[in-house]
Amino acid sequence: MGKMNGKVALVTGAGSGIGRATALLFAEEGARVVVSDIAPEGGEETVKMIEGAGGGAIFARVDISKPAEVEAAVNKAVETFGQLDYAVNNAGMETQPTPTADCVESDFDRTITVNLKGTWLCMKYEIQQMLKSGSGAIVNVSSIAGLVGVAAMPAYVAAKHGIVGLTKTAALEYGTSGIRVNAVCPSAIRTPMLEQVIASIPEAGKDMEANHPIGRIGETKEVAETIVWLCSDAASFVTGHALAVDGGLLAK
């Protein structure tokens, strides 16, 4: 505990799910956290949870598809806490299953804009700040859909593959500048959104569990633990890697 005392972390999509679990874990380790989300209610609740446990946090409302809002969040981190050490680009959107030939152009464009361009915009401004301090660690949240194809999810798969490509490219570009860039690729994780699916279609939950060699779906804190480890000094020789957090799903 406390291995990140004095550090500052920015987490997007931190109003719920993996983002919230990651923000809470950073705070447990002593980091001050900029909780970013497009939904103020969830983001502010995460801040209250951190403060209630004795940690330090602020909320920044951000639509990651808008450059000015992303830049403002990075600036707010520095203005409030004096620096930016870690960034977790977790915000994104889900899509409705649609075969490639039936995908609507506007839906495809929106998915790419939020999930892929939004992640790039976050990296752009985070890296610019980290270059000033000469160090930093970034973790992008992709998906197993960033490592393999998934039927009926063309835009989502394209965006998540793109995030892995951005991760590897930035790792090559900034490794000698003291900045490490990695990605995590989760499979089915017990987020509020997934819980809704399971509640409405109980058989879907059973199928997901059976599909994972470990025999269950993942918990948000398990992904958060991986993310925080990748940001920590314990992972100081790890960069440019897309790490599956999938209960063995891709080993089949």
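Residue count for segment 67-94 under the criterion of being within 17 Å of the chain's Cα centre (by Cα) and not aromatic (Phe, Trp, Tyr): the result is 13. Restricted to segment 136-149, and to residues there that are touching a Lys or Arg at 6+ places or on another chain (Cβ under 9 Å) and in a loop (DSSP other than H, G, I, E, B), the residue that is farthest from CYS231 (Cα to Cα) is LEU147. Does GLU209 fit the bill of being within 22 Å of ALA224 (Cβ to Cβ), among the acidic types (Asp, Glu), in contact (Cβ under 8 Å) with a residue 60 or more places away in the chain and part of a helix (DSSP H, G or I)? No, not satisfied. Quick check on VAL197: is it without any contact (Cβ under 8 Å) to a residue 12 or more places away in the chain and more than 18 Å from ALA9 (Cα to Cα)? Taking the combined requirement at face value, the residue satisfies it. Can you confirm whether segment 221-237 contains a residue that is over 20 Å from PHE26 (Cβ atoms), of a type in the set (Val, Ile, Thr) and either part of a helix (DSSP H, G or I) or at pLDDT 95 or above (or both)? Scanning segment 221-237 turns up no residue that is over 20 Å from PHE26 (Cβ atoms), of a type in the set (Val, Ile, Thr) and either part of a helix (DSSP H, G or I) or at pLDDT 95 or above (or both).
If the condition is being hydroxyl-bearing (Ser, Thr, Tyr), out of contact with any strand residue (DSSP E or B) (no Cβ under 8 Å at 6 or more places or on another chain), surrounded by fewer than 19 Cβ atoms within 10 Å (Cβ to Cβ) and touching a residue at least 24 places away in the same chain (Cβ under 8 Å), then segment 125-175 contributes only SER133. The condition of being part of a helix (DSSP H, G or I) and within 24 Å of LYS7 (Cβ to Cβ) does not hold for MET193.
The values are calculated or read from the model by the stated rules, or taken from the named source; none is laboratory data. Bear in mind the structure is a predicted one, so any value in this text is a computation, not a measurement. Don't worry about glycine lacking a Cβ; one is built from the backbone with ideal geometry, like all the others, and counts go over all protein chains shown.
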